[in-house]
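Engineer: Dropping a structure here in structure tokens format, bear with me for questions.
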Amino acid sequence: MSGEFFMDIFQDLQARGLIYQCTDTEALQKRLNQGPITLYCGFDPTADSLHIGHLVTALTLRRFQLAGHRPLALVGGATGMIGDPSGRTSERTLNSPEVVASWTEKLKKQLSRFIEFDGDNPARIVNNYDWIGSLDVITFLRDIGKNFSVNNMLAKESVSSRLEKGISFTEFSYMILQSYDFYKLYEMYQCELQVGGSDQWGNITAGTDLIRRLSQEKVNVYGLTLPLITKSDGTKFGKTASGAVWLDADKTSPYAFYQFLLNVDDQDVVNMLKVFTFLSLEEIEELAQEVATQPEKRVAQRTLAEEVTRLVHGPEALKRAVNITKAFFQGEIKQLSEQEIKEAFRDVPSATITEASLPLVDTLIQVGAAKSKREAREFIRNGAITVNDRKVTSVETKVSDLEQIAGAYLVIRRGKKKYYLCELSV
RNA sequence: GGGAGGAUACCAAAGUGGCCAACUGGGGCGGACUGUAAAUCCGCUGGCAUUGCCUUCGUAGGUUCGAAUCCUACUCCUCCCA
């Protein structure tokens, strides 16, 4: 199902709702039909991991590659040191060079999962530190800066929206660097297209302008932005109460990642399938029918969760996530073997206790199920605590009162979905 | 540089000497219902403790039997004038 070859990439993107703005729709469509094109998209190291929002653009690069084009994934080792004002209401705090460098490496690794480095149209990962890092001030101001008009820069949304509150020269200059990236990639790899999120429009057009100015003959380069993915209620997709949904397995476990997608609203799931999977539009249409006729089966959600988790974390992690889900929501935890418990609870908070007489109230705190004894008691009184499939009702319960799995494990459930593992070693 | 106002728990916002661990709304968390849903309803939302204690209302002091509330200094924020 994935790995399909799209004859008309532009049409496919359009049908998936992935096109927001384009510098010249007709010309770009024509160019794409003429043959392979090199395109790029940048990712700045503003955190130690990409999140699910970045997936939209990363997967778009892959869509282009599947259609026979050559994607470049740019990691902003240099621009990450400056800070993009786009879409921000206030100045960013600068990170140290060491931090930026280590984040850059992490992003590189994550991005490489989504694109193919072999074959006829191999992708490439580039780091703009390689050409910006060595740029000297005179070159920057004289050769590059001369092509920018401050009047123009002030008009860009990313800058104008900040004029009231204030913006530093550093962030103000950001668009020049990003434009220079596009220019360098055009020069080095004949990169003709830059793709980015909708907030990148200003930076992207600045880049196409720069290339035109610096080129002797008339050239055509294109910019394309993708929409911000929102839910039906208008809020941004990918935000949870506990923060962003990360692609790094250490920050958001594969199980949590899988669950996040499994719980997508009926109203949103079809859109998400279009944006986050490589399923054909026909396959997605079939799933849309399922949502309409048998929403309670949640076939679409299941498919979405499986496809994306496999894409991001691989088949093994997906299998674990599914197994954990089965044990938690369908199976009886008591039936699990010690081996299975260890496997299933790899991604779940756990603690080891050494004292059999420990009150359950304290155990809940140790595993992280409750913040204080008061809260722990409240959970028990409300009937929110289940240990090894048995509801606990007495606040006085001690660990030794409870039946253990495989003689050593307590699987604690709080509420409907939160699980904690407690290992007893006396 | 001058003037006015403000800082309360996750957020918003009451309270202006004891009845304040602090109204209310949002959020969050639990329960019922359910499709691991939406909507709805109910409960909880500083800590410890078997009705008592401890720490909280920008920071540091002071007044008082007693302060989130009054006084002093400081820090930060907003607005107005220059």
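Values quoted throughout were computed directly from the atomic coordinates according to the rules given, and no laboratory measurement underlies them. Only a predicted model underlies this, so the values are computations on that prediction, with no experimental measurement involved. Ideal geometry is used to build each Cβ from the backbone, glycine not excepted, and the neighbour counts take in all protein chains shown.
Engineer: Roughly speaking, what is the stretch gain from A:Glu26 to A:Lys218, that is 0.36 nm per residue apart minus the C-alpha to C-alpha distance, in nm to one decimal?
Structural biologist: Gain on stretching A:Glu26 to A:Lys218: 67.4 nm.
Engineer: Another question, then. Would you mind calculating the gained length between A:Asp233 and A:Lys106 on full extension (0.36 nm times residue separation, minus the Cα-Cα distance), in nm to one decimal?
Structural biologist: Using 0.36 nm per residue and subtracting the Cα-Cα distance, I get 42.4 nm.
Engineer: Pop a pseudo-label 7 angstrom from the Cα along the beta-carbon direction at both A:Gln190 and A:Asp120 and give the gap in nm to one decimal.
Structural biologist: Here the modelled spin labels are 1.5 nm apart.
Engineer: Continuing with this model, one more query. Which trypsin sites (Lys or Arg not before Pro) in segment A:313-394 sit in a loop by DSSP (not H, G, I, E or B) and have at most 13 other Cβ atoms within 10 Å of their own Cβ? Working shown, then result.
Structural biologist: On the way: sites: A:Lys319, A:Arg320, A:Lys326, A:Lys334, A:Lys342, A:Arg346, A:Lys371, A:Lys373, A:Arg374, A:Arg377, A:Arg381, A:Arg390, A:Lys391; in loops: A:Arg346, A:Lys371.
Qualifying residues, ordered by number: A:Lys371.
Engineer: Through the Karplus equation 6.51 cos²θ - 1.76 cosθ + 1.60, θ set to phi - 60°, convert the phi angles of segment A:74-79 into ³J(HN,Hα) values in whole Hz; use x for Gly and Pro.
Structural biologist: Taking θ as phi minus 60°, the curve returns 9, 9, x, x, 9, 4 Hz for segment A:74-79.
Engineer: Here's something else I'd like to know. Out of residues 5 or more away from A:Val75 or on other chains, whose amide H comes under 5 Å of its own, with H placed 1.01 Å from N in the peptide plane?
Structural biologist: A:Phe43, A:Val126, A:Asn127, A:Asn128
Engineer: A further question on this structure: What are the residues whose amide H is under 5 Å from the amide H of A:Leu228, where those residues sit 5 or more places off or on another chain and H is modelled from the backbone?
Structural biologist: The list, which skips near neighbours in sequence, is A:Ser198.
Engineer: Which of the trypsin sites (Lys or Arg not before Pro) found in segment A:139-190 are in a DSSP loop and have at most 12 neighbouring Cβ atoms, other than their own, within 10 Å? Present the calculation step by step, with values, prior to reporting the outcome.
Structural biologist: Working: sites: A:Arg142, A:Lys146, A:Lys156, A:Arg162, A:Lys165, A:Lys184; in loops: A:Lys156, A:Arg162, A:Lys165.
Here the sparse-neighbourhood loop sites are A:Lys165.
Engineer: Once a ≥ b ≥ c are taken as the square roots of the eigenvalues of the Cα gyration tensor of segment A:38-126, is the result rounded (a/c under 1.5), prolate (a/b larger than b/c) or oblate (a/b not larger than b/c)? List each step's numbers first, then the result.
Structural biologist: On the way: a/c = 2.45, a/b = 1.88, b/c = 1.30.
In terms of gyration-tensor shape, prolate.
Engineer: Given only helices, namely DSSP H runs of n ≥ 4 each adding -39500 (n - 2.57), what is the per-residue ellipticity at 222 nm of chain A, to the nearest 500 deg cm²/dmol?
Structural biologist: Values: 17 runs with 183 residues, N = 426.
The per-residue figure over chain A is -13000 deg cm²/dmol.
Engineer: For A:Lys184, list the aspartates and glutamates whose Cα falls under 14 Å from its own Cα; do not include residues on the same chain fewer than 8 positions away.
Structural biologist: Within reach: A:Asp130, A:Asp143, A:Glu192, A:Asp209.
Engineer: Further question: Can you give me the P(r) profile for segment A:332-421? Cα pairs, bins 10 angstrom wide beginning at 0, each as a whole percent.
Structural biologist: Per 10 Å bin, starting at 0, the Cα pair percentages come out as 18, 57, 24, 1.
Engineer: Next up: Which entries of A:Lys236/A:Lys274; A:Lys391/A:Lys417; A:Lys334/A:Lys371 show an alpha-carbon separation above 18 angstrom in the structure shown?
Structural biologist: Values: A:Lys236/A:Lys274 16 Å; A:Lys391/A:Lys417 14 Å; A:Lys334/A:Lys371 27 Å.
Beyond 18 Å between Cα atoms: A:Lys334/A:Lys371.
Engineer: For chain A, report the % of Cα-Cα distances exceeding 29 Å. Don't jump to the answer; show the numbers that get you there.
Structural biologist: Values: 48964 of 90525 pairs.
Of all Cα-Cα distances in chain A, 54 percent exceed 29 Å.
Engineer: A further question follows. Tell me which GluC sites (Glu not before Pro) from segment A:361-422 have a DSSP coil assignment and no more than 12 other beta carbons within 10 Å of their own. Before the final figure, lay out the partial values.
Structural biologist: Values: sites: A:Glu375, A:Glu378, A:Glu396, A:Glu403; in loops: A:Glu396, A:Glu403.
Answer in residue order: A:Glu396, A:Glu403.
Engineer: With all distinct Cα pairs included, what does the Kirkwood hydrodynamic radius of segment A:209-343 come out to in Å, to one decimal, could you say?
Structural biologist: On the way: mean 1/r = 0.0576 Å⁻¹.
By the Kirkwood definition, the hydrodynamic radius is 17.4 Å.
Engineer: Considering amide H positions built from the backbone, and no H for Pro or chain starts, which residues 5 or more places from A:Tyr40, or on another chain, come under 5 Å of its amide H?
Structural biologist: Counting only residues 5 or more places away or on other chains, the set is A:Leu72, A:Leu193, A:Gln194, A:Val195.
Engineer: Still on this structure, I have one more. With charges only on Cβ, +1 for K and R and -1 for D and E, what is the dipole size of segment A:233-289 about its Cα centre, in debye, rounded to 20?
Structural biologist: 360 debye
Engineer: Report the Cα centroid-to-centroid distance between segment A:376-419 and segment A:213-284 in angstrom, as an integer.
Structural biologist: Here the answer is 37 Å between Cα centres.
Engineer: Still on this model: Rounded, prolate or oblate, given the Cα gyration tensor of segment A:64-104, with a/c below 1.5 counting as rounded? Show your work: numbers first, answer last.
Structural biologist: On the way: a/c = 4.48, a/b = 1.79, b/c = 2.51.
The shape class here is oblate.
Engineer: Right, next: Neighbouring Cβ atoms within 10 Å as the yardstick, rank A:Leu66, A:Leu154 fewest first. All intermediate terms of the calculation are to be shown ahead of the outcome.
Structural biologist: On the way: A:Leu66 20, A:Leu154 11.
By the 10 Å Cβ count, ascending, the order reads A:Leu154, A:Leu66.
Engineer: Then there is this: Eigenvalues of the Cα gyration tensor times 5, then square-rooted: what semi-axes does that give for segment A:1-82, in whole angstrom, largest first?
Structural biologist: Details: eigenvalues 122, 43, 30 Å².
Three semi-axes, in Å: 25, 15, 12.
Engineer: Which Cα, out of A:Gly119, A:Ile138, A:Trp103, lies furthest along the positive dipole direction of segment A:102-147 (beta carbon charges, K/R +1, D/E -1)?
Structural biologist: Comparing the listed Cα positions along the dipole, A:Trp103 ranks first.
Engineer: Which one of A:Val367, A:Val245, A:Val312 has the biggest mean-square fluctuation once chain A is modelled by GNM with Cα springs under 10 Å?
Structural biologist: Of A:Val367, A:Val245, A:Val312, the most mobile in the Gaussian network model is A:Val367.
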